[in-house]
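Visitor: Below you will find the structure I want to go over with you.
The values are calculated or read from the model by the stated rules, or taken from the named source; none is laboratory data. All of these numbers come straight from a predicted model, not from anything done at the bench. Cβ coordinates were reconstructed from backbone atoms using ideal geometry, including for glycine residues, and neighbour counts include every protein chain displayed.
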Amino acid sequence: MTDAATERLARPPATVWRCGRVELSLERPLVMGILNVTPDSFSDGGAHDDPLAAIAWARQLIAEKADIIDVGGESTRPGSRPVPVAGELARVRPVMTWLATEHPDVPLSIDTRHAEVAAAAVDAGAAIINDVSGFRDPEMVEVAAGCDAGVVVMHMLGEPGTMQTDPRYGDVIAEVGGYLLAQAAMLEAAGVSRERIAIDPGIGFGKTLEHNLALIRALPEFVEFGYPVLLGVSRKRFIGELAGPSEPAERIGGSVAAALAGAARGARILRVHDVAATVQALAVAAALDEA
Ligand code: HH2
């Protein structure tokens with residue numbers, strides 16, 4: 001680990017995550033259901049990119065007991081290109097507004113790299129800003145500091161367009177951990193209180209299979225930083241690499257296995273496409289742990 005990491009190691013695990021007016025308990029892992037309002041997301045692109053389909057999917061995620069809904073209007077899959085902000089806003093705003101009105105009790109997250117989109121989403125009722133670029137953009141930091149939303153700081157190596165072109169690290173755990181700590185400290189210095197910050201190693205974002213596995217195995221080290229840890233493994237490529245070629249929608253078993261392994265290592269927010277399967281698996285795992 002870096003000096004910054006060593007200095008701050010061994011804080012007790014976070015027990016709550018403050019997101020706007022709600023304080024989410026982390027006593028059990030929370031399930032964040034994915035709602036991609038995009039034509040081109042790697043797994044569900046084109047499935048919910050008109051407002052009615054997006055609302056129907058949101059209803060399903062809620063019925064399946066998602067604790068949080070993460071709405072995205074820009075795919076950041078490997079090789080993807082940025083979407084103009086106006087287009088991203090047009091995709092996410094109607095569904096965010098509907099959700100905030102019809103289901104004000106379900107915390108809403110906006111998955112965006114763009115300050116303007118984050119600000120509009122917070123105005124529409126988002127309780128969480130999920131930034132896969134880890135608040136590199138000072139304007140994103142300003143938006144976070146100017147509201148009370150929870151924030152997810154994710155690690156990504158470079159940009160989506162090129163991140164999977166031969167990703168390399170000296171020590172992936174130290175580099176990703178050091179980055180997350182540095183960005184969290186920067187956010188705190190900018191006025192985002194620590195109980196609002198969650199961290200995420202960014203599975204698949206500029207990582208080989210070995211990097212992804214090393215990061216999942218090392219989750220207990222990230223938990224010791226004292227921030228809630230979010231894990232996004234759902235339907236990702238590494239599952240096909242481990243278990244044989246498959247389409248993303250065929251990776252549910254591997255996704256649930258990886259989510260459970262992450263939860264067992266301390267991840268407290270699981271970002272998933274398959275909410276019902278994950279909720280069921282967590283219920284069984286929790287009952288067995290108690291026994
Ligand atoms: N993964 C994706 C998108 N956003 N956010 C966080 N915090 N962590 C992740 O691992 C993560 C994320 C990629 O998944 P998906 O949204 O399904 O795909 P796409 O980027 O193609 O829309």
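Visitor: Can you go through 62, 34 and tell me which one is in a helix (DSSP H, G or I) and either at pLDDT 95 or above or within 15 Å of the ligand (Cβ to nearest atom) (or both)? Steps first, answer last, please.
Guide: On the way: 34 fails: in a helix (DSSP H, G or I).
On inspection, the qualifying residue turns out to be 62.
Visitor: Exactly one of (1) among the hydrophobic types (A, V, I, L, M, F, W, C); (2) under 26 Å from residue 92 (Cβ atoms); (3) within 14 Å of the ligand (Cβ to nearest atom); (4) touching a helix residue (DSSP H, G or I) at 6+ places or on another chain (Cβ under 8 Å) is unmet by residue 124. Its number?
Guide: (3)
Visitor: How about the stretch 188-198: which of its residues are away from the ligand (no atom under 16 Å from the Cβ) and assigned to a helix (DSSP H, G or I)?
Guide: Residues satisfying the conditions are 188, 189, 190, 194, 195.
Visitor: Report yes if some residue within the stretch 75-94 is surrounded by 24 or more Cβ atoms within 10 Å (Cβ to Cβ) and assigned to a loop (DSSP other than H, G, I, E, B); otherwise report no.
Guide: Yes, because at least one residue in the stretch 75-94 is surrounded by 24 or more Cβ atoms within 10 Å (Cβ to Cβ) and assigned to a loop (DSSP other than H, G, I, E, B).
Visitor: Oh, and also: Within the bounds of the stretch 199-207, is there any residue that is under 17 Å from residue 15 (Cβ atoms), in contact with a helix residue (DSSP H, G or I) (Cβ under 9 Å, 6 or more places away or on another chain), near the ligand (Cβ under 10 Å from one of its atoms) and among the hydrophobic types (A, V, I, L, M, F, W, C)? Lay out the reasoning, then the answer.
Guide: From the stretch 199-207, those under 17 Å from residue 15 (Cβ atoms) are 199; that's our starting set.
Restricting the remaining residues to those that are in contact with a helix residue (DSSP H, G or I) (Cβ under 9 Å, 6 or more places away or on another chain) gives 199.
From the residues that got through so far, the ones that are near the ligand (Cβ under 10 Å from one of its atoms) too are 199.
Next, from what is left, pick out any that are among the hydrophobic types (A, V, I, L, M, F, W, C): 199.
Within the stretch 199-207, one or more residues are under 17 Å from residue 15 (Cβ atoms), in contact with a helix residue (DSSP H, G or I) (Cβ under 9 Å, 6 or more places away or on another chain), near the ligand (Cβ under 10 Å from one of its atoms) and among the hydrophobic types (A, V, I, L, M, F, W, C).
Visitor: Tell me which residues, restricted to the stretch 234-245, are farther than 17 Å from residue 217 by Cβ and either crowded, with 16+ Cβ neighbours inside 10 Å or within 13 Å of the ligand (Cβ to nearest atom) (or both). First the steps, then the outcome.
Guide: From the stretch 234-245, those farther than 17 Å from residue 217 by Cβ are 234-235, 237, 240, 243-245; that's our starting set.
Result: 234, 235, 237, 240.
Visitor: Ok, one more. Pick from 106, 117, 95, 152: which is farther than 24 Å from residue 40 by Cβ and out of contact with any Phe, Trp or Tyr (no Cβ under 6 Å at 6 or more places or on another chain)?
Guide: 106
Visitor: Sticking with this structure for a sec: Please count how many residues of the stretch 38-59 are outside any helix (DSSP H, G or I) and of a type in the set (Val, Ile, Thr). Quick ask: steps written out before the conclusion?
Guide: The first filter runs over the stretch 38-59 and keeps only residues outside any helix (DSSP H, G or I), leaving 38-50.
Then drop every residue that is not of a type in the set (Val, Ile, Thr), which leaves 38.
Adding up the residues that qualify gives 1.
Visitor: Here is a further query. Which residue is surrounded by the most Cβ atoms within 10 Å (Cβ to Cβ), if the candidates are limited to the stretch 127-147 and must be out of contact with any helix residue (DSSP H, G or I) (no Cβ under 7 Å at 6 or more places or on another chain) and part of a loop (DSSP other than H, G, I, E, B)?
Guide: This residue is 127.
Visitor: Something else: Report yes if some residue within the stretch 164-187 is within 15 Å of the ligand (Cβ to nearest atom), closer than 25 Å to residue 25 by Cβ and without any contact (Cβ under 8 Å) to a residue 40 or more places away in the chain; otherwise report no.
Guide: no
Visitor: Anything in the stretch 148-180 that is surrounded by 16 or more Cβ atoms within 10 Å (Cβ to Cβ) and in contact with a strand residue (DSSP E or B) (Cβ under 8 Å, 6 or more places away or on another chain)? List them, or say none.
Guide: The answer is 149, 150, 151, 152, 153, 154, 155, 180.
Visitor: Here's something else I'd like to know. Please find, among 214, 259, the residue that is of a type in the set (A, V, I, L, M, F, W, C), assigned to a helix (DSSP H, G or I), under 18 Å from the mean Cα position of the chain (by Cα) and on the phi < 0 side of the Ramachandran plot. Steps first, answer last, please.
Guide: Numbers: 214 fails: under 18 Å from the mean Cα position of the chain (by Cα).
Of the residues listed, the single one that is of a type in the set (A, V, I, L, M, F, W, C), assigned to a helix (DSSP H, G or I), under 18 Å from the mean Cα position of the chain (by Cα) and on the phi < 0 side of the Ramachandran plot is 259.
Visitor: Evaluate the following for residue 220: is it in a loop (DSSP other than H, G, I, E, B), more than 13 Å from the ligand (Cβ to nearest atom) and either surrounded by fewer than 22 Cβ atoms within 10 Å (Cβ to Cβ) or among the acidic types (Asp, Glu) (or both)? Talk me through it step by step, then tell me what you get.
Guide: Details: in a loop (DSSP other than H, G, I, E, B): no; more than 13 Å from the ligand (Cβ to nearest atom): yes; either surrounded by fewer than 22 Cβ atoms within 10 Å (Cβ to Cβ) or among the acidic types (Asp, Glu) (or both): yes.
Judged against the criteria, residue 220 is not a match.
Visitor: How many residues does the stretch 188-231 hold that are touching a residue at least 60 places away in the same chain (Cβ under 8 Å), among the small types (Gly, Ala, Ser) and under 19 Å from residue 136 (Cβ atoms)?
Guide: Final tally of qualifying residues: 3.
Visitor: Tally time: how many residues in the stretch 257-276 are out of contact with any Asp or Glu (no Cβ under 7 Å at 6 or more places or on another chain) and surrounded by 17 or more Cβ atoms within 10 Å (Cβ to Cβ)? Spell out the reasoning first.
Guide: In the first step, residues of the stretch 257-276 are kept if they are out of contact with any Asp or Glu (no Cβ under 7 Å at 6 or more places or on another chain); the result is 257-270, 272, 274.
From what's left, surrounded by 17 or more Cβ atoms within 10 Å (Cβ to Cβ): 258-260, 262-263, 265-270, 272, 274.
Total satisfying the criteria: 13.
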